[in-house]
Amino acid sequence: MDRTIKHWSVETGKLLQTFKGHQSFVDSVAFSPDGKSIISGSDDNTIKRWSLETGQLLQTFKGHIYTVLSVAFSPDNKSIISGSMDGTIKHWSVETGQLLQTFKGHERTVTSVAFNPDGKSIISGSGDGLIKHWSLETGELLQTFKGHTNDVTSVAFSPDGKSIVSGSLDGTIRYWQIDIRHPLKSTFWSGNNGAWFRLDHNAKNPELSRLTIADNGTVLLPRSLSGNQD
């Protein structure tokens, strides 16, 4: 347990910097979009922001009461979010270091957080098996995605902000459409020799559900569950 963050050169493989300051395990790190700083979340319940130019500690964010498992920068570099074993997601101002919002709703540890590329919302994954979509403008819960049968360990937005993916201890990766009117849930299964299957299920509008079968990257059967083949 060295409690450090290390910065490495991809080109040379050499160690460029070592950041020291956390009092316990470092669980999560992230680059700022402008590439000038990094953040780290730790078992010491804090988030720290570091300068890549000088190596100095710039800020320490305190407020969580348990381990910080996930951290992320906003697309405009102006704020960060953190997910914790205390079951909350916190939104912080980089400029002032102040806590802006606390999101509560998960029943267990928050394991993963991510910003929407448009900067207007965030998602969180949890040990309760759920993914939640939150508005940064109002602080309201927008959507809850249900389907995993075990802890959600990782979440991410698509580049266009219209869908998300989630990974879980249940062994699946699920693909979800962010559309409150017609939510779409997808589940992937990997087969042998490069084959895979994907089920896109629309609970509100079943005729929009689809089953896709592919082999070695070639789609063999995209078919709606109502029987209409594309």
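Every read-out reported here was derived from the displayed coordinates using simple, explicitly stated rules and does not represent laboratory data. Please read these numbers as outputs of a predicted model, since none were measured by experiment. Neighbour counts run over all protein chains shown; Cβ positions are idealised from the backbone, glycine included.
Reported to two decimal places, what Rg/Rh ratio describes the stretch 1-64 when computed on Cα atoms with Rh from the Kirkwood expression?
Ratio of gyration radius to Kirkwood radius for the stretch 1-64: 0.96.
Between Lys62 and Asn77, what length in nm is gained on full extension when 0.36 nm per residue of separation is reduced by their alpha carbon distance?
Result: 3.5 nm gained on full extension.
Please work out the FRET efficiency for the pair Met1 and Glu107, using the Cβ-Cβ distance as r and a Förster radius of 45 Å; give the result to the nearest 0.05.
That pair, Met1 with Glu107, gives E of 0.95.
Quick one: of Lys36/Lys90; Lys78/Lys120; Lys36/Lys132, which pairs are farther than 18 Å apart, Cα to Cα?
Lys36/Lys90; Lys36/Lys132
Could you please tell me the mean projected area of the C-alpha convex hull for the stretch 4-180, averaged over all directions and given in square nanometres to one decimal?
Its average projected convex-hull area is 10.3 nm².
Over the stretch 71-121, what is the mean sequence separation of C-alpha contacts under 8 Å (at least six apart), divided by residue count, expressed as relative contact order in percent?
37 percent
Relative contact order of the stretch 1-124: what whole-number percent is it, with Cα pairs under 8 angstrom and at least 6 residues apart?
Value for the stretch 1-124: 16 percent.
With point charges of +1 on the Cβ of Lys and Arg and -1 on the Cβ of Asp and Glu, referenced to the Cα centre of the stretch 4-180, which listed residue (Trp50, Thr149, Ile89) lies farthest in the positive direction of the dipole?
Going by the charge dipole, the pick is Trp50.
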